[in-house]
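Accompanying notes for the structure given below.
Since every read-out is calculated from the coordinates, none of them should be taken as a lab result. The structure presented is a predicted model; accordingly, all values stated were derived computationally and were not measured. No Cβ is skipped: glycine too gets one built from the backbone with ideal geometry, and neighbour counts run over all protein chains shown.
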Amino acid sequence: MSLLAVENLEVEFRRGKIEPVRAVRGVSMEIAAGETLGLVGESGCGKTTLSRAILGLVPYRGELRLHGEPLDWQRQGKIMRQRLQLIFQDPYASLNPRCTVEQTLQEPLWVHFRCDRAERRKRAGRMLDQVGLPANALGKYPHEFSGGQRQRIAIARALILEPEFVIADEPVSALDVSVQAQILNLLRDLKDHMGLTMLFISHDLAVVRHVADRVAVMYQGELVEKGATRQVMDDPQHPYTRTLIEAAPILSV
Ligand SMILES: Nc1ncnc2c1ncn2[C@@H]1O[C@H](COP(=O)(O)OP(=O)(O)O)[C@@H](O)[C@H]1O
Ligand SMILES: [Mg+2]
């Protein structure tokens, strides 16, 4: 059974009397526990809107099931906050500039688990090590780090709560290409070691192919192709997928 199933999802944005924008059109997909599903498509095709519908942040039609249980709209936000964590494009905007790394990592442990101080320290130190930052990073502030290091901190903050499921929305798009590769390798290692389940969103197929077990290709609100990453790359069925493959630079990871 899949961890998350999305069936026939539709999201429309209405603005006054003009035609509504159909941002997500009849999307169905499943994510199995422990797998990374890559969602790829050009900017504006509806990727973020789809993830916001999964989080219950925009009204939608269609059905979502978590471990086979239909998610009802009323409880969706609460359930998702408990089980799901997010990683965004710009870690500088998502990290609190006034909090040290230690505070950033410990706060969610207190809020969610009421861990005592020693336990919080221990887990924060361990998490930092897992994302490849030195122990002395704990006492520093976000501005003291490079973009890639900040994204490591944001990843640590997301994973310290041991979420069942992670949505990473363009997590490397703001980084230099050389740093992108390091963060992608980190996400891949973490997936292997922690058994992460992830929806990995990017406009860049070169990025997606390095982390995703399967890919879903989105075009103008619809999924036009789904399949194992290898299979889609080697034998794309939809013309739009072929365009993406031709446009994707080779990324040495
Ligand atoms: N809050 C909103 N109100 C109106 N239109 C929106 C809103 N959010 C997104 N859209 C529109 O929905 C479409 C999909 O946007 P988005 O999901 O952000 O795409 P992506 O993440 O793939 O770049 C775009 O046409 C965008 O302009
Ligand atoms: Mg987006």
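Summary table below
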quantity	calculated
Top-ranked residue of the range 22-37 - restricted to ones that are away from ligand 2 (no atom under 14 Å from the Cβ), in a strand (DSSP E or B) and not hydroxyl-bearing (Ser, Thr, Tyr), ranked as farthest from residue 191 (Cα to Cα)	22
The listed residue being closer than 18 Å to residue 86 by Cα and outside any strand (DSSP E or B), out of 157, 209	157
Selection within the range 238-248 - out of contact with any helix residue (DSSP H, G or I) (no Cβ under 8 Å at 6 or more places or on another chain) and surrounded by 14 or more Cβ atoms within 10 Å (Cβ to Cβ)	238, 240, 243
The listed residue being within 16 Å of ligand 2 (Cβ to nearest atom) and either surrounded by 15 or more Cβ atoms within 10 Å (Cβ to Cβ) or among the β-branched types (Val, Ile, Thr) (or both), out of 62, 41	41
Residue in the range 44-58 that is farther than 27 Å from residue 242 by Cα, over 14 Å from the mean Cα position of the chain (by Cα) and within 14 Å of ligand 1 (Cβ to nearest atom) present	yes
Among the candidates 174, 216, residue that is in a loop (DSSP other than H, G, I, E, B) and within 16 Å of ligand 2 (Cβ to nearest atom)	174
Helices (runs of 4 or more DSSP H) contained entirely in the range 40-109, each with at least 1 residues that are β-branched (Val, Ile, Thr)	47-54, 73-83
Selection within the range 183-226 - on the phi > 0 side of the Ramachandran plot and within 12 Å of ligand 1 (Cβ to nearest atom)	220, 221
